[in-house]
Amino acid sequence: MKHTYKFTWLAVLSGLAGTAAAQQMPAVSEKDYLDEVPIVLSVSRLPQRLDETPGAVTLIDRDMIRMSGARDVADLLRLVPGFRVSNSFESNTPQGSYHTTLSDFSNHIQVMVDGRSVYSTYLRGSTGPGLQTVALEDIERIEVYRGSNSAAYGARAFLGSINIVTRDLMDTQGALVQLARGGNGIEDQMLRLGWGDDEARFRLSADGRNDDGLSGTSGSNRVQRVNLRADLRAGPRDVLEFRTGQSLIDAGVGFAGDTNNNARTRRLDTSFVQLDWRRNLDPDQDLALQLSHTVENIRDNFVYTPAPSLTIDFGGRASNSNLMAQHTVRIDSALRLVWGGELRRETIESRPQYNTDAAFVTDFSRLFTNAEWRLHPDLLLNAGALFEHSSIAGEHVSPRVMLNWRAADGHTLRAGVSRAFRPPSTYEKYANVRYYLGGVLADSTDVARGNVVAEKVEVRELGYLAELPGSRLSLDLRVFDERVRDLIGQITYNDPTSGGTGDVNDYTNNEDFDIRGYEAQLRWKPWSGGQLIYGFSELQSTQSYGSANLVGRYGTQSLMFMQQLPAGWDMSLSHYEADASRFPGFDAAAPAYSRTDLRIAKALRLAGRRAEISVVGQNMGASYQDFMPKFLVRTQAYVMLKVEN
């Protein structure tokens, strides 16, 4: 990364300074060390200390969320090493991709909200809409597993997983009102109510996020959400959690005067219901059951101006139903085990996309287990696997083995291997987009012949984790070798029966490539109230054959500094850099860019209630390209007022 050496050295010097400071601090006991290590809930399905998880994890906590000035989860993913982020609503919604190029549908990572999978069934497994499920104000932390996690969560966790954990109802009792206004049409608002007692607690949140989008796009973007959660204590051993919600995403897409992609407003309407039941069987084991149902409705169409009787339509409906059961048990002082099963049904209906009114149904059956075995007080083995059968791709097994060695207090080495599969989406397997005029076939665009199989990845990785309370510093390094085979891509072939020119698109397994590289993240608290968070990633992708869409080398860096100031003031400064990249399907590459965000806030009292006013500036520099060449992220600023009791 030629343009970022100075930035890299800043992080290195910060780490050296922290190490030097540690030499002048009192000795830290093993108990102090263990008390400081964060607990991760979602990586292996077992609650684990960060130094015992089977891989590298980035934790984005409540303070980082609040002080970042971000307006959605996608923006926060810039802080995760190896992630590329788009703010565009044009093809989908703001999204992130790990170790692969961004595309219309970035679908190689699993996104969950409170353990419920929220990838879009209709949009080919896209993570974008799921990242918009809840408001940032309702999120406690985000756990990002960097590496294949299919051994725990199945095919969608092909290259990683994100679990968004919402705030405990105890922490959101009372009322909250939040308003934001700023440039580029920013108008955000939120109302939240929390009530209840120890037997039953409730939270109702409603919020909206509005702006004029990126420069070069058509129309404004609007996100509206409502979410309800209820926690009920059904007895001394049982807890019931009920969640339901709806999100409406209206985005200006297309281009005025473009007959094949005219300007219009696309609506993504997603609603869900989720029920979780947990029973504490005894001090060493518990049982969990989760049932959820999600419905997506997509409206996206425009009149084809050369033939006004023809409507170009991308809309349709999808749903998924999911049942999961999980048993966690401590067998003895050295061995813990989690095992369970999952049934999932996905349904898609869309005449415009599949040339039929029939529903396409895909069934998934999964069995999973993960064992945490302490071979020695300082040596921990995580071994797990997931068996998956899908009606679209047959049977696959995704195993993972990771060995963690605590070489000394605060110093852990990791080594592991894993394998994963991602079956084709319904669209990649069965797409059949045809246009008729007066009952006569006029043209076709995507006509899939079904010649696709599951994508595969084999991962080898080494890691080092340092958690040093005495120096107020933590450092995580990951070195990886990810071998992706049979990646699904788009090709063009000639079908004389398709109308028009006869050239149509199909999907096939036309890419093999290897991703090798290293990444690091550092957190340092150099003095009281101050914290520095640094992330770095450098990778090289080597293609075996196929198109030239995947970049050869790519690197990212992020630096966030947060400081609490006297008299209720605080501030944060964030800087991001990314190398040039290429997006599949477009001729032009996105050039390298840098971005700087600033937030200054003041805590105060209004009519006896807690309040905060903040000013945020985003991309305080030159505009940069996002996704397509004509889409630019401009400088924008806004003021936010939050009042709660």
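Some notes on this structure:
- Summed over the stretch 313-334, the residues that are in contact with a helix residue (DSSP H, G or I) (Cβ under 8 Å, 6 or more places away or on another chain) and either part of a loop (DSSP other than H, G, I, E, B) or of a type in the set (Val, Ile, Thr) (or both) give a count of 2.
- When Asn107 is tested against the conditions (1) in a strand (DSSP E or B); (2) touching a residue at least 24 places away in the same chain (Cβ under 8 Å); (3) under 11 Å from the mean Cα position of the chain (by Cα), the lone failure is (1).
- Residues that are polar (S, T, N, Q) and either in contact with a Pro (Cβ under 6 Å, 6 or more places away or on another chain) or farther than 18 Å from Met190 by Cβ (or both) within the stretch 586-645 comprise Ser594, Thr596, Gln618, Asn619, Ser623, Gln625, Thr635, Gln636, listed in sequence order.
- Condition check for Ala175: assigned to a helix (DSSP H, G or I) and out of contact with any Cys (no Cβ under 8 Å at 6 or more places or on another chain): no
- In this structure, Asp378 qualifies as over 28 Å from Val273 (Cα atoms) and in contact (Cβ under 8 Å) with a residue 12 or more places away in the chain.
- Conditions (1) modelled with pLDDT under 95; (2) at positive phi: number failed by Gly174: (1)
- The strands (runs of 3 or more DSSP E) falling completely within the stretch 596-639 that include 3 or more residues that are surrounded by fewer than 18 Cβ atoms within 10 Å (Cβ to Cβ) map to 609-618, 628-633.
- Filtered residues of the stretch 296-335 (kept if over 28 Å from the mean Cα position of the chain (by Cα) and closer than 29 Å to Arg278 by Cβ): Val329, Arg330, Ile331, Asp332, Ser333, Ala334, Leu335
- Residue within the stretch 499-513 that is more than 25 Å from Thr426 (Cβ to Cβ), within 28 Å of the chain's Cα centre (by Cα) and modelled with pLDDT of 90 or more present: no
- Restricted to the stretch 514-539, and to residues there that are more than 20 Å from Val37 (Cβ to Cβ) and polar (S, T, N, Q), the residue that is nearest to the chain's Cα centre (by Cα) is Ser537.
Listed here are the residues, each with its yes/no results for (1) β-branched (Val, Ile, Thr); (2) within 17 Å of His293 (Cα to Cα).
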residue	(1), (2)
Ala334	no, no
Val338	yes, no
Arg351	no, no
Tyr354	no, no
Thr362	yes, yes
Leu367	no, no
Ala371	no, no
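- Looking only at residues in the stretch 179-230 that are part of a strand (DSSP E or B) and hydroxyl-bearing (Ser, Thr, Tyr), the one that is nearest to Ala622 (Cα to Cα) is Ser215.
- Residue count for the stretch 172-205 satisfying the condition of being under 15 Å from Val643 (Cα atoms) and among the small types (Gly, Ala, Ser): 5.
- Residues being surrounded by 16 or more Cβ atoms within 10 Å (Cβ to Cβ), charged (D, E, K, R) and over 15 Å from Thr53 (Cα atoms) - total across the stretch 353-412: 3
- Within the stretch 111-150, the residues that satisfy the criterion of being acidic (Asp, Glu) and within 23 Å of Phe202 (Cα to Cα) are Asp114, Glu137, Asp138, Glu140.
For every residue, the table says whether it meets (1) assigned to a loop (DSSP other than H, G, I, E, B); (2) free of Cβ contacts under 8 Å to residues at least 40 places away in the same chain; (3) crowded, with 24+ Cβ neighbours inside 10 Å.
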{"site": "Thr127", "(1), (2), (3)": "yes, yes, yes"}
{"site": "Gly130", "(1), (2), (3)": "no, yes, yes"}
{"site": "Arg141", "(1), (2), (3)": "no, no, no"}
{"site": "Ala151", "(1), (2), (3)": "no, no, yes"}
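- Residue in the stretch 284-293 that is closer than 23 Å to Arg124 by Cβ and either surrounded by 15 or more Cβ atoms within 10 Å (Cβ to Cβ) or without any contact (Cβ under 8 Å) to a residue 24 or more places away in the chain (or both) present: yes
- Members of the stretch 29-56 that are surrounded by fewer than 23 Cβ atoms within 10 Å (Cβ to Cβ), at pLDDT 90 or above and hydrophobic (A, V, I, L, M, F, W, C): Ile39, Val40, Leu46, Leu50
The values are calculated or read from the model by the stated rules, or taken from the named source; none is laboratory data. Predicted model, so just to flag it, every value in this text is computed and none were measured. Here Cβ is always computed from backbone atoms with ideal geometry, including for glycine, and neighbour counts include all displayed protein chains.
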